[in-house]
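Okay, so here's the structure we're looking at.
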Ligand SMILES: Nc1ncnc2c1ncn2[C@@H]1O[C@H](COP(=O)(O)OP(=O)(O)OP(=O)(O)O)[C@@H](O)[C@H]1O
């Protein structure tokens, strides 16, 4: 079939790998050094990486600037100009002050003051002060407006991408997964700052040149001013932050102190520690570890502080002396020709040297800022990020006559390795699994912890693709189907019952069928709440037992209240009371209540009428026996037209009525059959687990 011309031909996987391998720089071995308790592992910045980062930054600046301009065509350019102007504050006020000093000195020397000129500079200085005052007020206000528009825009873009990306794609693209609108603004903002500093440096050099009698002298002094920053950047020890580094404590006593501090102060361990009388022991052990640690006199200061402290004494002294070279040259020249000596020039040289040094130092950070900007380049590559699980092309049939979904695995193995090179080193979690489930069957998966039950579910719902073998849906490779179509007919109750924080109870249930009209349908939501067993708990929460449970359904259980932390009191011992503001009054949900809520969401989903496959991964682990029985009975009543798979550790009613039981052990499917067949196997895994549970009730 001919390809539509808008579609690029998709390169083959081995071609892509070859290109990636050719482009990848050789891996660098981290170096190691010991700084006090810290063992620091670091990798020196490599020039080709730096060049790549800067190229990335430069290619990001253009589209980013265009987008920012489109979002805020007036305020954004004004804000940039104002920021540039703001950076010239120190330079221009310093320059005007020096001119005043110069004319006053000339007046003292000549016995005649140029009052007009002095007044001009005084007025200029006052005008500059007022203008910079106005900027100081305007810039943060403008930034507030500009940045929130920009952050919202990129958050929106990222949200759409992240919400849609599956787990595997997020795992393979951690940088994009961690990106936020705030990061993008911060990176761009620091580049504007860097450019502002560059403008200020140029202005400073130009202002300084007006002091010198000849171009030659001006050039010579400009070079001398640059000696100190050059020495600082290229010769002196740069902060650890210029490298990639990680520091871990290797001191056993210091590590033990940290662990004990955490154990002793953690709120969730308080009850256990106090009730079991462990606090004395913990305090004693802490004291002992602390004594041992202090005997060795090892520094715990921040690794960067210790690293800079290790710079040789001779380097520091020589670098500082080289920083004064412009003054030394001026004094020698003045001694040779005292008539050219001027106090205002001396002050200018001193100030100019220092300010140029600091401006250059800050400018050196521009490289880091550009690298940051290079890292946000992915915002323009979201569409190109390859989905880890490529979508299929076949629509899953939505005929209403269906009796459920047919599922099968053929020699399936799977490992959680994240990339091709890892694959060999990570043991598979599923090994050579084969089975078939015919449409409409009720299947129960059992097995010890870690045997691979949940992983099996993840493969059946295409959260991951198998490493080898095939997963079949209605006789066809699951990878052939469009993912959206498959997920539309699947209802999954995951192992961890989750609350959707910041949403009402009604929405937490309604989202099971995420069509807007369904989420707004309070009657259906109540019915789902009743089936899932959450209705009872919601009704208990009605104010004073009133009949109006509508309000209780609208209640937000785990409110998300964005806040900034500014109070000075310690979290564990509040004194100002401010920290308590906006703390949720709600007591939250117990594990069982949460599971009922998740089950209600599942019933909401089943009511959509589209579901052909229901998978429930340990839906009753936190339920009491009565709630468990009610849940299973309600679910089995909805069996018509659906294949049902339950993962469970509880044997009994469910396993007895299952068409198939799959029994897993160490990633293998070791037994398969009905309850009666499996119980007939003496010493069989299923029979052993069943009997172990049964004897507990004898
Ligand atoms: N995201 C993951 N990354 C790496 N390994 C994982 C991941 N999830 C699970 N595993 C590993 O896969 C193995 C099987 O885990 P799985 O959750 O499938 O077992 P399970 O039978 O469902 O266990 P349980 O009964 O405790 O829920 C375990 O060794 C687990 O540590």
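The values are calculated or read from the model by the stated rules, or taken from the named source; none is laboratory data. Not measured: the values here are computed from a predicted model. Neighbour counts run over all protein chains shown; Cβ positions are idealised from the backbone, glycine included.
Here are a few things to note about the model shown:
- Condition check for residue 461: away from the ligand (no atom under 14 Å from the Cβ) and touching a residue at least 60 places away in the same chain (Cβ under 8 Å): no
- The single condition among (1) at pLDDT below 90; (2) not in a helix (DSSP H, G or I) that residue 17 does not meet is (2).
- Residue list for the stretch 636-651, filter: free of Cβ contacts under 8 Å to residues at least 60 places away in the same chain, more than 16 Å from the ligand (Cβ to nearest atom) and touching a helix residue (DSSP H, G or I) at 6+ places or on another chain (Cβ under 8 Å): 638
- First in the stretch 441-457 and in contact (Cβ under 8 Å) with a residue 40 or more places away in the chain, second anywhere and within 8 Å of the ligand (Cβ to nearest atom) and in a helix (DSSP H, G or I), Cβ under 7 Å, 6 or more apart: 445/453; 445/456; 447/453
- Criterion (more than 16 Å from the ligand (Cβ to nearest atom), farther than 21 Å from residue 533 by Cβ and in a helix (DSSP H, G or I)) met by exactly one of 656, 681: 656
- Of all the listed residues (498, 508), the sole one being surrounded by fewer than 21 Cβ atoms within 10 Å (Cβ to Cβ), closer than 20 Å to residue 620 by Cα and either without any contact (Cβ under 8 Å) to a residue 12 or more places away in the chain or more than 15 Å from the ligand (Cβ to nearest atom) (or both) is 498.
- Candidates 128, 158, 170, 124 - the one that is in a helix (DSSP H, G or I), touching a helix residue (DSSP H, G or I) at 6+ places or on another chain (Cβ under 7 Å) and modelled with pLDDT under 90: 170
- Of all the listed residues (215, 149), the sole one being away from the ligand (no atom under 16 Å from the Cβ) and in contact with a helix residue (DSSP H, G or I) (Cβ under 7 Å, 6 or more places away or on another chain) is 149.
- The residue list 457, 445 contains one member that is under 18 Å from residue 408 (Cα atoms), assigned to a strand (DSSP E or B) and modelled with pLDDT of 90 or more, which is 445.
- Matching entry among 386, 361 (being touching a helix residue (DSSP H, G or I) at 6+ places or on another chain (Cβ under 9 Å), surrounded by fewer than 19 Cβ atoms within 10 Å (Cβ to Cβ) and in a helix (DSSP H, G or I)): 361
- All positions within the stretch 473-489 that are surrounded by 18 or more Cβ atoms within 10 Å (Cβ to Cβ) and either outside any helix (DSSP H, G or I) or within 14 Å of the ligand (Cβ to nearest atom) (or both): 473, 481, 489
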